[in-house]
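Working notes, beginning with the structure itself.
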Amino acid sequence: MSNLTNIADYQRGQAVDAGHGEVAEGGDRRKNERQIATFKLACLMVRGEAHPAILRNVSDGGAMLEALVAVNPGDAVVYWWDGIAQVEARVAWVKGNRLGLANISGPPQPLAVPRQRATRIPVRVPVRVWAACRGHWGELTDISLTGLAAKGLQGIAPGTLCTIELGGQALHNATLVRIDGEVAGIRFERPLPPAKLMQLVEGEGPSARVMTRPTPADPGAPAPQREPEMDDEGPQPPSGPKVPLRRFL
């Protein structure tokens, strides 16, 4: 299991410049002081792939995130969270799962939207939804702390209770709340902690990474198609090592 560290060891008395790794002193400390944002979900784009991340702190010049992704100092990334426009940045430092980011496009700016929406992580991985004692295979399109959207779940009526199998784990007592064309919206029984969502998306075994999660360079380009394998329970995902299911308590 991932060793997700805690904000408790963050030195509140120091303001570290994410771009240079230096400690600000005197008046500069107040200028660069961080706003602590413990366990706030963010989306981190690395090489065209979306990854869930935990926003630890943020300032006008950068941010510190926690993510299960391999990056190196100097890598270009994009990040955002609920109600904030996308921010271009570069990786200034890496320590375990923590990343220091230096902003390139300027400080985070709030979006001019009438209502703030939860951060959604765009992902494309297989998901299995059990409803009325029948399994349905679909493809996840995005996930947030409160629910997910998936394609290929025809035949499940809104209001149906279901169980979700994703990333080797099971989420019980979820509810399919809407159908919008080919996309079904499912609400979790209770909001997930950001660390649990990271484990769901990144997975802990090969079966969670059968399909890629890139955001296409051309938004209009169609996603690669594959022929589904059929059995009594509908389309099946690509074969791969089995990952034990674990229930969230």
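The values are calculated or read from the model by the stated rules, or taken from the named source; none is laboratory data. Keep in mind that what you see is a predicted model, and the values were worked out from it rather than measured. All Cβ positions, glycine included, derive from the backbone under ideal geometry; neighbour counts span all protein chains shown. Just the protein is used for accessible areas: all its heavy atoms, side chains included, with ligands, DNA and RNA removed. Shrake-Rupley method; radii C 1.70, N 1.55, O 1.52, S 1.80 Å.
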Problem - So A118, is it without any contact (Cβ under 8 Å) to a residue 12 or more places away in the chain and open to solvent by 50 Å² or more (accessible area, probe 1.4 Å) - result: no
Practice task
Could you tell me whether V210 is at pLDDT below 90, of a type in the set (V, I, T) and in contact with a Pro (Cβ under 8 Å, 6 or more places away or on another chain)?
Solution key: yes
Problem - Residue selected from region 154-169 under the condition aliphatic (A, V, I, L, M) and open to solvent by 40 Å² or more (accessible area, probe 1.4 Å), by the criterion nearest to H51 (Cα to Cα) - result: L161
Fill in the blank from the handout: For region 88-97 the number of residues that are open to solvent by less than 30 Å² (accessible area, probe 1.4 Å) and modelled with pLDDT under 95 is 0
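Conditions tested, residue by residue: (1) out of contact with any Phe, Trp or Tyr (no Cβ under 9 Å at 6 or more places or on another chain); (2) open to solvent by less than 10 Å² (accessible area, probe 1.4 Å); (3) of a type in the set (S, T, N, Q); (4) at pLDDT below 95.
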{"residue": "I36", "(1), (2), (3), (4)": "no, no, no, yes"}
{"residue": "L44", "(1), (2), (3), (4)": "no, yes, no, no"}
{"residue": "N72", "(1), (2), (3), (4)": "yes, no, yes, no"}
{"residue": "Q86", "(1), (2), (3), (4)": "no, no, yes, yes"}
Exercise for the section: Would you confirm whether any residue within region 144-153 is surrounded by fewer than 19 Cβ atoms within 10 Å (Cβ to Cβ), in contact with a Phe, Trp or Tyr (Cβ under 8 Å, 6 or more places away or on another chain), under 19 Å from L41 (Cβ atoms) and in contact (Cβ under 8 Å) with a residue 24 or more places away in the chain? Expected result: yes
Handout entry: Residue under evaluation D17, criteria (1) open to solvent by less than 30 Å² (accessible area, probe 1.4 Å); (2) modelled with pLDDT under 95; (3) of a type outside the set (K, R); (4) over 22 Å from A195 (Cα atoms), criterion not met
Key = (1)
Exercise for the section: Quick one: in region 98-107, of everything that is surrounded by 19 or more Cβ atoms within 10 Å (Cβ to Cβ) and not small (G, A, S), which residue is nearest to A53 (Cα to Cα)? Expected result: L99
Handout entry: Breaking point among (1) touching a strand residue (DSSP E or B) at 6+ places or on another chain (Cβ under 7 Å); (2) open to solvent by 20 Å² or more (accessible area, probe 1.4 Å), for A112
Key = (1)
